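Okay, structure first, notes after.
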Amino acid sequence: MSQPEILNQAFELGYTYTRSTGPVVGRFLTELRDRNIVGIKASDGRVVVPPMEYDPDTAEELSEFVSVGQEGEIVSWAWIKEPREAHPSEQPFAWAMIKLDGADVPMIHWVRADGESEVSTGARVRAVWADETIGFMTDINGFELV
Amino acid sequence: MSEQEPITGIEAPIYLKYNFTAGAAPARFLSQVKRGVLTGQRCPLCEQVYFPPRGSCAACGVPTQEEVVLADKATVESFTIVAIPIPNNPIKPPYIIANLVADGANLSFIHLMSECVNEDVHIGQRVQAVWKPAEEWDYAMDNIRYFKPIDEPDVPVDRIGKISVAGWEG
Amino acid sequence: MKDIAIVAYNQSKAVSDVGPCNEVELIMPVLAEVFSQAGINNAQDVDFVCSGSCDYLQGAAFAFVAGVDALGAVPPIKESHVEMDAAWALYESMLKIRMGHADSALIYGFGKSSPGELPIVLSQQLDPYYLAPLWVDTIALAAMQARMLLDQGKISERDMAEVVSRSRRNARNNPNAQLAGDVSPEDVLAQPSYVSPLRKADCPPVSDGASAMIICTVEKAKSWGVPYAVISGIDHRIESHNMGMRDLTDSVSTRLAAEGAGLGDGPVDVAELYAPFSHQEIVLTRALGLGKETNINPSGGVLAGNLMMASGLSRIGEVFNRIIAGDAGRGVAHATSGPCLQHNLVTVVEKA
């Protein structure tokens, strides 16, 4: 039997999916395009950002939108000292769970900071808007420390 | 709310990078193809010869390790005349894609046929590989440009897939 | 209800890059080993086959179909697949047997994670509108979970380092382990941070490999005349995909699944927990109510080798091995799926 060589081939598996947003996600993204952030009221009154279509506890259809602040507080975070190619920043940054003012549930996004020591749980952050907003999650181009 | 239309859909690009590895059996096979040699693998139980080999007998579920050198002559087991172009491929329709069984193998592989009258192609027809120049050979089955008909008697349907590497005398 | 027995289990060595082996070449040796343990020839000798894998790992569409080439599927067999860890393939197989549609089943899971960038590949299992477009990786999500536990004083970095140390030391007795050695908690704490607050040692290695198991009715196990252990309970629960709405410092779904599986009905000698990150082992240990009497992750767990889509099945297999070896009379195996322990399956295995 001949000796096996190891044959490798780099390749990129790529698709651009077209996704329907529906009324809830669509409303959130439409508001993002206008540089507003909205959440939705869950069955128990908690404000969920980004809005969910159904209540995770009761499965009730949710529809009461609530405007929330563009500033909030870091609930937890992870420091990325070596960003990956797919990450939204080439500079070291923090992933964070951020509870926006007026929201009861944290959302996940990223935070710009000069170093790990700048970031802390409880720190205040503010949304940074992309130069051009298109109705996509990356319209918020990260958060910055206040 | 904006005066623009509300968002009803998004374009979500998902692009992931991989380094694909061929597998031990395909790597052996492709290394031989690079040298212009076609090799199959024989099942130790049912003795069927697979080409191209994937390292197992799908029927028996056992590894196939015995390598068998095959001829570059083959028999048409089935075919279709394709009327649509292959994107980014110089082959112009109509062209023929065929299931061929190489002499010495028992199971078919897929390749192109050319230098033929499409309407005359038929099951049991004898064909032979038309290779690219040796200096262009790579780890790829398109080292063979296509198969073309040869002047040998047809193989009866019940003999297709049972021709030895020595060939078919009719 | 029919009691179900485990009669055979095998796992390949977890390696960082299995090199030239394709999926079939990865699966065939573990299948051959479980066929041999059960004293049967191939998949024709069981009534049902179910596998677990994820095509995104190696970026090859329908890679799981190629897996069938390893089975011997002529004449055609009854076969199914879950795009999940094979522990859920075991769950499906148990349902098949309990419904009376089969007396025996072959289960296998395989994962070749080396071809892609695993934490980024797994980012695409997240919410496709809100999270996947950010490409937030799974290590970062686990790191945020760990920080919550640390901030709330529910664990310390030393607790995490002790989990890693025990894993590395236990793995010295596991011939299939990828990472093993005499590593002390101090050695771990001396390491620099990786995705803070996690150190690299708090994270699972990227591994290639496969595992397989054969289960059957107890009657069938007796007729085959092979040693077996009995699955006395199994249950699984899933939590919201919205991590902001979950209590990440607890695992409610694991606790409910354990109750459903009857974990509290007897002593627990051994536990094999699918905790990809060190802090998650502590969360799981608490959710399962395990105490000092339980030997936790004697194999080293998945910090010693993380076969995506197979390690959950392997946890059940490791408990089976301890029981057959006579080291344990009753044990629990846990499997997980999704970010930060979103979906959890609990299996109780007992001496026959």
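The values are calculated or read from the model by the stated rules, or taken from the named source; none is laboratory data. Here the structure is a predicted model, which is why all the values come from computation and not from measurement. As a convention, Cβ positions derive from the backbone with ideal geometry for all residues, glycine included, and neighbour counts pool all protein chains shown.
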Quick check: is even one residue across the stretch C:245-261 more than 23 Å from C:ARG98 (Cβ to Cβ), assigned by TED's automatic domain parsing to the domain that holds C:GLY317 and free of Cβ contacts under 8 Å to residues at least 12 places away in the same chain?
yes
Residue in the stretch B:8-25 that is more than 11 Å from chain C (Cβ to nearest Cβ) and not aromatic (Phe, Trp, Tyr) present
yes
Residue count for the stretch B:141-170, restricted to those that are farther than 24 Å from B:GLU67 by Cα, in a loop (DSSP other than H, G, I, E, B) and of a type in the set (A, V, I, L, M)
2
When residues of the stretch B:2-53 are filtered for being small (Gly, Ala, Ser) and in a loop (DSSP other than H, G, I, E, B), how many remain?
4
Among residues of the stretch C:18-64 being surrounded by fewer than 23 Cβ atoms within 10 Å (Cβ to Cβ) and among the hydroxyl-bearing types (Ser, Thr, Tyr), the residue farthest from the other protein chains (Cβ to nearest Cβ) is C:SER36
Taking the condition of being β-branched (Val, Ile, Thr) and out of contact with any Phe, Trp or Tyr (no Cβ under 9 Å at 6 or more places or on another chain), how many residues in the stretch B:4-27 meet it?
2
Could you tell me which of the residues C:GLU79, C:GLU83 is more than 11 Å from chain B (Cβ to nearest Cβ), closer than 15 Å to C:ALA212 by Cα and among the charged types (D, E, K, R)?
C:GLU79
So which residues in the stretch C:140-169 are more than 26 Å from A:GLU90 (Cβ to Cβ), touching a residue at least 12 places away in the same chain (Cβ under 8 Å) and within 13 Å of chain A (Cβ to nearest Cβ), if there are any at all?
C:MET148, C:LEU149, C:LEU150, C:GLN152, C:LYS154
Quick one: which residue in C:ASP137, C:ASP208 is buried (at least 21 other Cβ atoms within 10 Å of the Cβ), in contact with a Ser or Thr (Cβ under 9 Å, 6 or more places away or on another chain) and within 22 Å of A:SER89 (Cβ to Cβ)?
C:ASP137
Which pairs do you get when a residue that is at the interface with another protein chain (Cβ under 9 Å from one of its Cβ atoms), found in the stretch A:22-39, comes within reach of a residue that is part of a helix (DSSP H, G or I), reach meaning Cβ atoms under 6 angstrom, with the pair 6+ apart or on two chains?
A:LEU32/A:ASP139
Among (1) within 29 Å of A:GLU144 (Cβ to Cβ); (2) within 9 Å of chain C (Cβ to nearest Cβ); (3) assigned to a strand (DSSP E or B), which single condition is A:TYR17 missing?
(1)
Within the stretch C:87-119, residues within 14 Å of chain A (Cβ to nearest Cβ), touching a Leu at 6+ places or on another chain (Cβ under 7 Å) and either without any contact (Cβ under 8 Å) to a residue 40 or more places away in the chain or crowded, with 23+ Cβ neighbours inside 10 Å (or both) come out as C:LYS112
Of the conditions (1) under 17 Å from B:THR39 (Cα atoms); (2) under 14 Å from the mean Cα position of the chain (by Cα); (3) modelled with pLDDT of 95 or more, B:ASP142 clears all except one; give me its number.
(3)
Condition first: surrounded by fewer than 24 Cβ atoms within 10 Å (Cβ to Cβ), under 11 Å from the mean Cα position of the chain (by Cα) and outside the structural domain of C:MET84 (by TED's automatic domain parsing). Can you find one or more residues in the stretch C:313-333 that meet it?
no
Flag for B:ARG42 being farther than 19 Å from B:ILE144 by Cβ and not small (Gly, Ala, Ser)
yes
Does the stretch B:139-150 include one or more residues that are farther than 24 Å from B:VAL117 by Cα and of a type outside the set (Val, Ile, Thr)?
yes
Among (1) farther than 26 Å from A:VAL25 by Cβ; (2) in contact with a Phe, Trp or Tyr (Cβ under 9 Å, 6 or more places away or on another chain); (3) of a type in the set (Gly, Ala, Ser), the one test that C:SER123 misses
(1)
